[in-house]
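This report refers to the structure that appears directly beneath it.
The values are calculated or read from the model by the stated rules, or taken from the named source; none is laboratory data. Source: prediction; values computed, not measured. Every residue, glycine as well, gets a Cβ built from its backbone with ideal geometry; the counts of neighbours run over all protein chains shown.
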Amino acid sequence: MSSSDSFPDWNLFSKREAPSEIELLLSPASEAASLLQRYKADLDGAKRAAEEFRNEGVSSLAQLAVLVAQLETALRHYEKALAGASLGKVNHHLRVLKDMMLDSLRSSGLEVEVPLGRAFGEIADWINVAGWRHHEEFTSEVVAEVVEPIVRHCGSVVRLGRVIMGAPPDQATSEFDEALMHTETELEIHTEVGSSSDADSAAVTSSEEPDFPDAGQSAGKQPSKEG
């Protein structure tokens, strides 16, 4: 008996449609790479969340540092008044608490800088100018008053200072003259534009306004019904 006699009868099999899409089998290396990509995306998201949380914490600490610095300024300002009111011990106790708060902030990496008397050019990138004070006691542009200190975290500025600058009186005069000249120029421009607009408006009004006869003349031209 030959081997061809053992072949099956193909007519006994029914035909089936092949699946339209065959899922490709990934190699172990491809599956590991895909898993690592998912882990990396999760890790990046966790890093971003941690960074945002850190920034919020640093911002809150910076605000606290500003308040502590303002407390120090207030205690220094009212020191004589408190001493005169027999509250010297209270002032001393508040100063101790203030120093403890500053030490706690420093341990967190925060540094409070009060730029009183510093030249404008030295700290221009770290401050916002809230105003100017022109007086003879100032020979150059320096910080006359600190409204809010400069706050750094690990050496980087995280909150700009807010100051009032001092400058000589002659600088105030030059600045006033420049501002006045700028204001006069703007007024001249607005005046010229306003005059031109008024003239155009008058021309349009005169050309569009109908010529109505006087009420008396109209009454005189009407025919009388009597007679």
Legend entry - Count of residues meeting criterion [surrounded by fewer than 16 Cβ atoms within 10 Å (Cβ to Cβ) and touching a His at 6+ places or on another chain (Cβ under 9 Å)] in segment 135-161: 0
Legend entry - Positions within segment 118-160 being touching a residue at least 40 places away in the same chain (Cβ under 8 Å) and of a type in the set (Phe, Trp, Tyr), in sequence order: PHE120, TRP132
Inset, instruction - Give just the number: which of (1) in contact (Cβ under 8 Å) with a residue 24 or more places away in the chain; (2) in contact with a helix residue (DSSP H, G or I) (Cβ under 9 Å, 6 or more places away or on another chain); (3) assigned by TED's automatic domain parsing to the domain that holds GLY57 does MET165 not satisfy? - result: (3)
Inset, instruction - Take segment 124-162 and flag every residue that is closer than 13 Å to VAL114 by Cβ, of a type in the set (A, V, I, L, M) and within 16 Å of the chain's Cα centre (by Cα). - result: ILE127
Inset, instruction - Evaluate the following for SER60: is it assigned to a helix (DSSP H, G or I), of a type in the set (S, T, N, Q), loosely packed, with under 14 Cβ neighbours inside 10 Å and within 36 Å of the chain's Cα centre (by Cα)? - result: yes
Inset, instruction - Collect the residues in segment 120-134 that are farther than 20 Å from LEU71 by Cβ, surrounded by fewer than 19 Cβ atoms within 10 Å (Cβ to Cβ) and of a type in the set (A, V, I, L, M), keeping them in residue-number order. - result: ILE123, ALA124, VAL129
